[in-house]
Amino acid sequence: MTALTLRPAKPADAAGISGVLTALVTAGKRTKSADETFALTHYVEDPERLQCTVAVDADGTVLGFQSLKRATPGNVYGTPIGWGGIIGTHIHPPDAARRGGVGKALWAESLRVAGTAGVPSIEALIGASNLEGIGYYEAMGGFRTYRLEPGGGVGKRFDLAFRHRGG
Ligand SMILES: CC(C)(COP(=O)(O)OP(=O)(O)OC[C@H]1O[C@@H](n2cnc3c(N)ncnc32)[C@H](O)[C@@H]1OP(=O)(O)O)[C@@H](O)C(=O)NCCC(=O)NCCS
């Protein structure tokens, strides 16, 4: 992997985040919004964010990002409020950024942020046919399937309290 820097996203990263999302759309791995305004409002400056972390290479190119948000009333994911965290991960395909450990590095940072914020549990909501997404969260350890959405989503829960007890 090239030199990797992880840091909280800044407004200037909206273009790079949009680039990652757009590449995922082109690769047939995403159907939702991917423009810069969406990147800014939904990730970088979302008022419910705990941290949106970008992974950038030595040139400052955004290779991927991970969004960790608070689960507040009415959240579009249907995540239970008491849980605290909702996570989403997007890595630029299909070049060297993919399966090069970027997602794993981002999770270590988000887990640190969640622990600092006192988040008890984190949900990842993944499309049931998204085997790489499911494989990724399972590989991070501790994400357990707890709900299946009628629309085809798989909800996986990571419990920090459980983890801290040594589970
Ligand atoms: C899923 C995704 C986040 C993985 O990111 P990544 O940077 O490639 O992941 P890493 O290289 O850190 O992989 C860590 C581990 O996850 C698992 N994993 C990663 N990609 C996988 C795949 N395609 N199939 C199965 N397991 C996979 C592996 O166990 C991997 O470890 P290994 O390569 O040593 O076997 C990335 O492919 C992606 O952005 N996909 C499109 C968006 C998406 O599906 N996001 C998740 C749902 S929100």
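The values are calculated or read from the model by the stated rules, or taken from the named source; none is laboratory data. Keep in mind that this is a model prediction, so the values were computed, not measured. Every residue, glycine as well, gets a Cβ built from its backbone with ideal geometry; the counts of neighbours run over all protein chains shown. In case anyone asks, the SASA skips ligands and DNA or RNA and just uses the protein heavy atoms, side chains included. Shrake-Rupley method; radii C 1.70, N 1.55, O 1.52, S 1.80 Å.
Structure summary
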quantity	calculated
First in the stretch 127-141 and closer than 20 Å to Thr31 by Cα, second anywhere and open to solvent by less than 60 Å² (accessible area, probe 1.4 Å), Cβ under 6 Å, 6 or more apart	Ala128/Gly152; Ala128/Val154; Gly133/Ile126; Ile134/Ile126; Tyr136/Gly103
Hits in the stretch 3-45 - residues which are surrounded by 13 or more Cβ atoms within 10 Å (Cβ to Cβ), more than 13 Å from His92 (Cα to Cα) and polar (S, T, N, Q)	Ser33, Thr41
Qualifying residue in the stretch 77-98 (condition: near the ligand (Cβ under 10 Å from one of its atoms) and charged (D, E, K, R))	yes
Residues of the stretch 18-42 satisfying the condition of being in contact with a helix residue (DSSP H, G or I) (Cβ under 9 Å, 6 or more places away or on another chain) and either within 12 Å of the ligand (Cβ to nearest atom) or assigned to a loop (DSSP other than H, G, I, E, B) (or both)	Val20, Leu21, Lys29, Arg30, Thr31, Lys32, Ser33, Ala34, Asp35
Test: Arg147 is among the charged types (D, E, K, R) and more than 24 Å from Lys32 (Cβ to Cβ)	no
Wholly within the stretch 50-167, strands (runs of 3 or more DSSP E) carrying at least 3 residues that are open to solvent by 50 Å² or more (accessible area, probe 1.4 Å)	143-148
Condition met for Arg70 (among the charged types (D, E, K, R), within 25 Å of Thr116 (Cα to Cα) and under 15 Å from the mean Cα position of the chain (by Cα))	yes
Lone unmet requirement of (1) more than 14 Å from the chain's Cα centre (by Cα); (2) within 12 Å of the ligand (Cβ to nearest atom) for Gly115	(2)
